[in-house]
Amino acid sequence: MTVVSSSGNGRNPKTCLDDLIAAVLDRFAEAVSAAPAGHGYAAGFQLGHPETLRSLCRFLFWDQGCSFGGIIAEEHPSHWQLYYPFLLPGNGWTAVSLRLPSDATTVPSISAEVHAADWHEREIEDLFGLVFEGHPRLGDFILHDQVWHEGIAPMRKSFSANQPHFERQPNLEWRPLLVVQDPGAFAMPVGPVYEGGVGESLHFLLETVGEDVVRSSPRLFYNYRAVEKIAEGKTINDALLLAERFAATSAFAHSLAFCQAVENIYSSRVSSRAQQLRVVLCELERLRHHAAAIAAICESTALAVSASQAAIIEEHLLRASCVFAGHRYLFGLNIPGGLTRDFDTQACTELLNATNKACTNLLELEDRLRYSSSFLDRLEDVGAIDARDARDLNLVGPIGRASAQSNDLRRACPYSGYERYKFDVPCESEGDGYARLRVLFAECVQSAALIRQGVQSLDAGPVRIACDTSHAGASIGWVEAPRGAALHWVSIDGLGVIERYRAITPSFNNWLGFHLAAENFAFQDFPIILATFGLSATECDR
Amino acid sequence: MIAASVTATALLLAFVTCACGIVACALVSRTKVAGVVAAGGTLSSIFLMLASGAVLVSGRSFEASLWVLEGWGRFTLRMDALSSIFLFAAGVVYLSSSIFVKTFSTTRPGNREAARRFGVMYFVLMASVVLILIASDVPLFLITWECMSILCFLLINYKHRERADRSAGYLMLAMSEAGFIMVLIAFLIVGKSAPSLSFPALAAAGSTLSHGALWAVFTLGFLGFGVKAGLVPVNFWLPRSYTASPSIFIPVFAGVTLNLGFYGILRLNGDLAPGSYGTGLFAIIVGSVTALVGILYATTESDMKTMLAFSSIENAGVIVAGIGAFLVFRATGHAVASAIALTAALYHMVNHSVYKTLLFQGAGYVEAETGTRDMDRLGGLSRILPGLSAVFLVGCLAISAVPPFNGFVSEWLTLQALLRSAILGSASIRIVFALCGAALALTAALAVTCFVKAYAMSFLGIRRGTWGPQAQRNAHAPFPLWFLAVVCLLLGVLPTYIIPILNRAVEPMAQASVTAALVPPFFTATATNQQLPPAFLQDFHNLGAQSGGAVLPGRGLVVLLRGGEQNPVVFAMSPSYSLIALALMLFLAWLVISRWTRERAVVRRELWAGGIPRLLAEMTYTATGFSNPVRVVFQAVFRPNITEDTRQTVAVHFRTAIRRRREETPIVDRLFLRPIRDAMAGVASILAGMHHGRLNMYIAYVVGFFLIILFLYRVT
Amino acid sequence: MSFWFWYGLRKGVQSTRYPFGPETAPGISPGRPVNTQFESAAKAGAAAGICPVGAIVANDRWALVDERTCVHCQRCRLELDVPIDWRPGYEWAELPPNRALYSPLPRPFSKSLHIMVVDAGDCGACLHEVKQLNNPLYNMHRLGFFTTATPRMADLLLVVGPISENMREPLIKTYEAMPDNKRVMAVGSCAINGGVFGRSFMSAGGVGSVLPVDLEVPGNPPPPLAILHALLAATGRKPLGTPEFAEAVPISKPAEWKPSGL
C-alpha cells in the first residue's frame, strides 16, 4: 500500500498555478484568455469560441495532469454559460468557461478526449436539450426513452417544476441498445426492484451468452427527484435542506459543500472552532459510512458473522452520532457561517471514546477477515479496474484510491482547516475488490485519528458567525465526501433566492466506471462487485 | 400356410403398389404427385405391415427363390422375424411419412418442378429398402444396398438446380461407397469358403472362420454398416446430410435408412459370423462413445435439424451399445442376459424410428410456419401452433425417456441389460460395462437437457424472431404427427405385449426366451411357472398377487427382472400401472380441488420482471445461453477457437459492439476426417509429382511397368 | 471456517429487549417535537415561522406540531430563543389521516411476515434504517419479520422515498404483483407527503398519491425501533397510538450556544 503523507508534494503551489496559466496561454494564444480568480476558482480560462474547447480540455487533463470536476451548465436570459472545472492538485480549481449565445443548440463534445465527461454531457443533453456534437451516445439517460418522450428539457427556465403528473404511455418500439452481438446473446434484466432484501432501485442489463456476463450496462436515475430544479427559487435555508437530504448517508458532507459555497459568495468567515467541529463531524460521517460499506461487502459474500459485526459497529456509530449531535445521520448541523449548535467537552469525550472503540473493533474485524481465505477468494481479482482506466475515467474516492488515483480533496485542495491536520491518504494499486476493502479499513483508521486530533485541540470561541446574505453571487464549494470528491455550485440572485444549484457527486463520477469492473465475470460475482463499489444510486440520481 | 400365403400376397401387393406409384408419379401432373405419393405410400406400407405382422404372429418365416444370374448365383428372399421387425418399423414410418408428404406440401406451396422426380425415387427407395430387409443372399443384398445409397443421395439433392451447396450429398455418397466396399470385403471373406453366396451357406461357413478372419469380418462389417448407422469414426457425414436434406425426405431418411445399418450389423455380426466377446466389447465402447459425442453436440446446437441429427447419432450409439452387450453375453454363454440386451436394442430401434420421425416432421412444420430453424430465433410457438406444440412435446418426452412414453422402456431395458454385467466372470469386462453404463447414464441426462431446451426455447416464452404475423394460428396438428404420438404412447404403455413379439426375433439369435425372463405370467397359477423359485412365488402370492390377477386386465402387466437363483431380487417396472395410477391421482386431485376450494378464485397477473415496463424478447434466455454451461464444462471436447472482435468508436470505454466469433470443428471431423483427408491429400500430392506433362517420361513409365510385369512373370 | 462460528458466539447476544421491554440505550432515536404551550402568541408564531416545511401551526399560545410533516431539521429546538418541547420515543406508527380503521394482518402472517421493501426515490437514510433492522442489535427475524426479494411472496409492501416519477410504474407493478391480503406501509416523511421534495413534476409527493396506504411511520428518518413498532402494529401485535415505553429513553440536550454578531 502506498501512502501519500501529509508532508505535501514539495512544490510551491503558487508557482504551479502560474506555470499552468502560462502554459495554456502559450499554447492557445488567441483563443483563450485568462480570467481572474473568482466564484471559488483559483484561476479561470475564458474561451473565445467553442472550437478550442476540446484541445484545451485535453491539454489540461492529460498534459497537465489535472483532475476533471464536471460540467456546470447555466441558462441565462441572454446566453448559455458552461463551466468545466479542473483541479490541479495542491493548487485549487481552475475553470474553463464557455459562453454561448442563447440560440445555440450544440456544443462540441469533449468526451472523446476526456472520457470522464461522458455522463456529464449526457445529463446536460437530457435536461437542457443542448446537443454535444461528437458524443457517440446521447439520450435515454435521466429521462428514460421507454417512458418519457423527447424534448422535455426540464431544467430550462421555461419548464415549471410544479407541473402535475401527466400520463405517459411507454414506448412500445423501444429496444435496449445491446453491445454484445454474438448469436444467441441476450441481456438479462436486473431491477429496478431487485435486490434480495433491502436495496436501492437500480436497473442493469447483463449481457451474456449464457455462462459469464460479458458486459453490464447500468441504467440509473430511478431515484431522480430533480433536486437541482426544485432548489431554484428557494431561499438559502430551504435549499440547504435539499442539499443535505438528497443523499443522506453523506448528508453532512454535502451540506458542508453547500455552506462553503454560500460562505464563499459572501466572503464570510467561519470560526476556527466551527471548522474543527466540522472536521470532526465529517470524519465521524466518513467512519460510519465506511463501516456500512464494509458490512455491505461482507454481506454480499454471505459471510454473515462478519457482516453482522460490521453492522453492529455501524449502529453504535449511529447511536453515538445521535447522542452527540441529536440526529443519527447528522441532519440539521451545518448552516452558512458555522454550525447550528455547540458541543461541550464531555460530549466530545464520549464521542471520542465511541469512535476509538469502533476503530478498534474494525481493526479486529479486518485482522480476522484477512485470514478467511473463502472470503478473500471472492474478492481478489474480482471487479478490477486498473490504474490507467481509473485515470481515464477520473474515478474518485476510495474506489479511485484503490486503483492508484491518490487524489483526495482534503489534501489536494484543503478546506475547513484540513491543512493543519496530520493524516495519511491510503492508496492501493490492484484495483480489485480486496484493494477497495483495504482502502476502506485504512481510511477508517485515519478518520479516527482525525477525530482524535480535532477533539483534543478544539479552540474556544463561537461556533457560528452570522452570514450576511445581501447580494447576488455564485461560487463552488467542494468537499471530500465519504465516497469521493463532491462539487457544489450555488448561484444566488439579488433577492437571496437560489438561481442555479448544481451538485456534482462522487457517485455520479464513479458509476461511469462501473461497467469496467463488471465485465467478463460470473453471475454470482455481480452482487459482490456491486457491494465493493459501494456506490449510491440516490447520490448519483439526485 | 395361411400365414405364408398372406405374407406372400401382401409382399407382392406392396411391390405392385410401388410399381404403380412409380408409373403414376411419372405420368400425372405436378400438383397431384403429393397425393399419389400419399395414397401409394400408405397402401404399400399397410401391406408391408400386414406381411411382417403375419410373419411375427405366426412365427414362420417366409422364403422365396427368384431367378438365377450367371456367375452370381440364385437370388433368394427370406423374411424371418428379425427382418419382419425392421420391416414393420419401416412400415410405420412410411405410413406417416407418405401422409406427411401430402399434408406438408399443402402448407408449403413451393414450386413443384422436381415433384415427379421425387415421387418416382420415393417409391423406388421404398422397394429397395424392402428388398434389403428380405434379401437372403449377398448379391441381391449388395445390389439393393447400393441402390438405396444412390437413391438417398439423389433424394437429398433432388432440387439440385435450386441449391447452391450440394457438398453434403456428395460427402454422404462418398462415405456410403466407402462403407459399401468394406461390407463387400467382409462378405467375401466370409463367403470365401462357402459353397454359395446365400445367407444360410454363409452362416454355416461363418462358424468355421479363424479368429483373425472373424476380427477382420467384424471390423469391416461393423464400420461398413456403421457408416449408415452413424457410429463414431465414420459418422461425420450424418449431421451435414440431415441438415441439407429436404423436409419431406428427412423422416424416411432418419427413420428407415438409419435402421438399415443396425440390420446389417445384426445380420452379419450377430447372425452370420458371430464373433468372440472382444468384438462385443468393441461394439459397446463404440456405442457409448457415439452416444456421448452425439448428445454433447446435440445439446449445444441451435439449429433444430442439426440437433435432431446429432440426437439420432446418440440413439444409434445406445442401440449399438445394446447390440454389443448382446454379443458379449452370448459369447460368454449367458443366454438370457444376451436375449434381454438384444430385446433392449431392438425395442430402442423401433422406438427411435417412431419418435425421431415425429420430431423431424415437427421440425419441418416449424420451419414451414416460421421460416427459420434456428432455435435462438423461435419462441412462443405454443400460442400460435398449440396442436403442433402438444405433439412435439410428446416427441420430446419420448426421446428423453420419460414415462409413460416409449423411450423410457427401452432406455430402462438397455441400462438394466448393462447392469447385468454382474454375472460376468472377468473383472475387466465388468469394468468396461460399468464405464459404458456410466457414459450412457450421462447421455440420458444430457438428452433431457437437450430436449428441454429444444421444446422450451422453441415453443415457450416470448417470440424472439420477426416471423410473427405471417404464421397462422393452426390449432390442429396434422394427422401423421398425431398418429406417431399415439404409437409412442402405445409402445410405452404396452411393453408386455411388445416384448413377446420381439422375442420371435430374439430367441433364435440368443438361444433363450426373453418372454419368460421379462414378462412371466406370475399373476396366474403358481406351480406351472418354472422360471421363478416356488418359495419366492409363494411369498409373492401371499402378498396378494393372486387378487391382482382377478382385478387387473391383461397378462402380466408388470415387467419383472430378477436376480440369481439363490436370492431372487425383483426389479419391476410397469408403465401401464403407472399410467393408470397417474390418471387416478390426477383425477383425485382434480376432485379434491374442485369440491373443496370453491371460493378461491385464481387470479392471473402480469409476469413479474423486476418492475420494468415490458419484458422484451432480448431479455429472455436463448437456446445458446441455455446450453452454454454444457459447452463450458465439456470444453475439452469442443475445443472452440474464439476470436474477439470489438468495435469501438472512440476509446476503450465507448464500445458500441462486442462480437466474439466462435469456430468449432466437431470432434469426429477433427480426429478422423481431417487426418484422413490430409493424408490422402499428401499422398495425392506425392503422386501428382508423376504428372508433369512430359511425354517422354510417360512412355518411360509404360516401358518400365512392362518390364516389371515381364520380370514378375518370369520369376513366378 | 469454524472460527467465525465461535467468534459470533463470543460476542454474545446483543439484541434489544423491545418489544418485550423498553429499550433504554442512548441514541436509538432522535425524538421529535411535540405540541408546546409557549408564554406568548408571538413566541408560538416564531416557532411556526421557523419550520421550513410548515409542520408547526400556531394557535394562540400553542404551537401544534404535525408529526407527519416534520423532517427533523432540528431548527425548532436549535434556532429559537425558547425552543419547542422535544419528546423522546420511537413508537410513532399511525394511520393515514383519511382512514379510521386498520385491519391488521391475521394469524399466519402475524408471526411470519414477509416484507417487500421498495426504494422509490429515497435519500438513503430511511432505507438504511430499514437495513439496520437486520443487524443483531434489532434482529427483526426473532419476531418473525423477513424481507423477500420478490413481491410474489410478500405480505407487506414497505415504501420509502417520495415516489420519483421514474419509479412510479415499477412501484405500481410491485403492488399488483403481490397476492391479496397485503398491506402498504409508508416509512418516512418523504413517503408520507413528499418531505423536503414535496410534489413536483418528478416527485409524486408520497405513496398516498400512487397506492392505498395502510400505515404511516413519520420521521426523517424514523429510527429502526419505530419501523419495528410499525411492523408489530401492522400485524396487530402492538396497538397503534398508545406508546408503551416511550418515556424511558433519555435523549441528548443541546449545549448552550451564544449567538455572536447577531
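Key figures
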| quantity | calculated |
| --- | --- |
| Residue in segment C:138-159 that is nearest to residue A:242 (Cα to Cα), counting only those that are open to solvent by 10 Å² or more (accessible area, probe 1.4 Å) and aliphatic (A, V, I, L, M) | C:149 |
| Residue check for residue C:170: open to solvent by less than 30 Å² (accessible area, probe 1.4 Å) and within 13 Å of chain B (Cβ to nearest Cβ) | yes |
| Residue in segment C:16-39 that is nearest to the other protein chains (Cβ to nearest Cβ), counting only those that are assigned to a loop (DSSP other than H, G, I, E, B) and open to solvent by 40 Å² or more (accessible area, probe 1.4 Å) | C:26 |
| Per-region count, segment A:503-512, residues small (Gly, Ala, Ser) and either more than 14 Å from chain C (Cβ to nearest Cβ) or in a helix (DSSP H, G or I) (or both) | 1 |
| Criterion (over 23 Å from residue A:506 (Cβ atoms) and either open to solvent by 10 Å² or more (accessible area, probe 1.4 Å) or of a type in the set (Asp, Glu) (or both)) met by exactly one of A:275, A:309 | A:309 |
| 2 or more residues within 30 Å of residue A:514 (Cβ to Cβ), within 13 Å of another protein chain (Cβ to nearest Cβ) and small (Gly, Ala, Ser): qualifying helices (runs of 4 or more DSSP H) within segment B:574-693 | B:623-633 |
| Test: residue A:237 is in a loop (DSSP other than H, G, I, E, B), on the phi < 0 side of the Ramachandran plot and surrounded by 16 or more Cβ atoms within 10 Å (Cβ to Cβ) | no |
| Matching residues in segment A:425-473 - criterion: being under 27 Å from residue A:354 (Cα atoms) and among the charged types (D, E, K, R) | A:436, A:438, A:443, A:452, A:459, A:464 |
| Selection count, segment B:36-59, where residues are modelled with pLDDT under 85 and surrounded by 16 or more Cβ atoms within 10 Å (Cβ to Cβ) | 1 |
| Test set (1) within 21 Å of residue A:96 (Cβ to Cβ); (2) modelled with pLDDT of 90 or more; (3) in contact with a Ser or Thr (Cβ under 8 Å, 6 or more places away or on another chain) - residue A:473 fails condition number | (2) |
| Those residues of segment A:513-542 which are in a loop (DSSP other than H, G, I, E, B), farther than 16 Å from residue A:201 by Cβ and open to solvent by 10 Å² or more (accessible area, probe 1.4 Å), in sequence order | A:519, A:520, A:534 |
| Total residues in segment A:242-269, condition within 12 Å of chain C (Cβ to nearest Cβ) and open to solvent by 10 Å² or more (accessible area, probe 1.4 Å) | 3 |
| Residue C:169, sole failed condition from (1) part of a loop (DSSP other than H, G, I, E, B); (2) at pLDDT below 90 | (1) |
| Residue A:363 being surrounded by fewer than 20 Cβ atoms within 10 Å (Cβ to Cβ), of a type outside the set (D, E, K, R) and touching a residue at least 40 places away in the same chain (Cβ under 8 Å) | yes |
| Residue match in segment B:676-689 (condition: open to solvent by less than 60 Å² (accessible area, probe 1.4 Å), farther than 30 Å from residue A:110 by Cα, basic (Lys, Arg) and modelled with pLDDT of 85 or more) | no |
| Pick from segment A:154-174, criterion open to solvent by 40 Å² or more (accessible area, probe 1.4 Å) and within 7 Å of another protein chain (Cβ to nearest Cβ), ranking: modelled with the lowest pLDDT | A:165 |
| Which numbered condition residue C:176 fails, given (1) of a type outside the set (A, V, I, L, M); (2) in a helix (DSSP H, G or I); (3) within 14 Å of chain B (Cβ to nearest Cβ); (4) open to solvent by less than 40 Å² (accessible area, probe 1.4 Å) | (4) |
| Single residue of A:137, A:99 found to be over 22 Å from residue A:218 (Cα atoms), touching a residue at least 24 places away in the same chain (Cβ under 8 Å) and not small (Gly, Ala, Ser) | A:99 |
| Qualifying helices (runs of 4 or more DSSP H) (wholly inside segment B:359-434; at least 2 residues being open to solvent by 10 Å² or more (accessible area, probe 1.4 Å) and at pLDDT 90 or above) | B:386-399, B:406-419 |
| Conditions (1) closer than 30 Å to residue A:524 by Cβ; (2) surrounded by 21 or more Cβ atoms within 10 Å (Cβ to Cβ): number failed by residue A:137 | (2) |
| Residue under evaluation residue B:661, criteria (1) open to solvent by less than 90 Å² (accessible area, probe 1.4 Å); (2) under 30 Å from residue A:138 (Cα atoms), criterion not met | (1) |
| Cβ pairs under 7 Å, 6+ apart, first in segment C:192-203 and more than 7 Å from chain A (Cβ to nearest Cβ), second among the β-branched types (Val, Ile, Thr) | C:193/C:69; C:195/C:71 |
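For (1) within 14 Å of another protein chain (Cβ to nearest Cβ); (2) closer than 23 Å to residue A:398 by Cα, each residue gets a yes or a no:
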| site | (1), (2) |
| --- | --- |
| A:451 | no, yes |
| A:457 | no, no |
| A:467 | yes, no |
| A:483 | yes, yes |
| A:490 | no, no |
| A:493 | no, no |
| A:516 | yes, yes |
| A:541 | yes, yes |
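Residues are listed down the side, and each one gets a yes or a no for (1) surrounded by fewer than 23 Cβ atoms within 10 Å (Cβ to Cβ); (2) facing another protein chain (nearest Cβ under 7 Å); (3) in a strand (DSSP E or B); (4) under 24 Å from the mean Cα position of the chain (by Cα):
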{"position": "A:183", "(1), (2), (3), (4)": "yes, yes, no, no"}
{"position": "A:189", "(1), (2), (3), (4)": "yes, yes, yes, no"}
{"position": "A:192", "(1), (2), (3), (4)": "no, yes, no, yes"}
{"position": "A:206", "(1), (2), (3), (4)": "yes, no, yes, no"}
{"position": "A:214", "(1), (2), (3), (4)": "yes, yes, yes, no"}
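The values are calculated or read from the model by the stated rules, or taken from the named source; none is laboratory data. Please read these numbers as outputs of a predicted model, since none were measured by experiment. Ideal geometry is used to build each Cβ from the backbone, glycine not excepted, and the neighbour counts take in all protein chains shown. The protein model used for the area step is the full one, side chains on, heavy atoms only, and it has no ligands, DNA or RNA in it. Shrake-Rupley method; radii C 1.70, N 1.55, O 1.52, S 1.80 Å.
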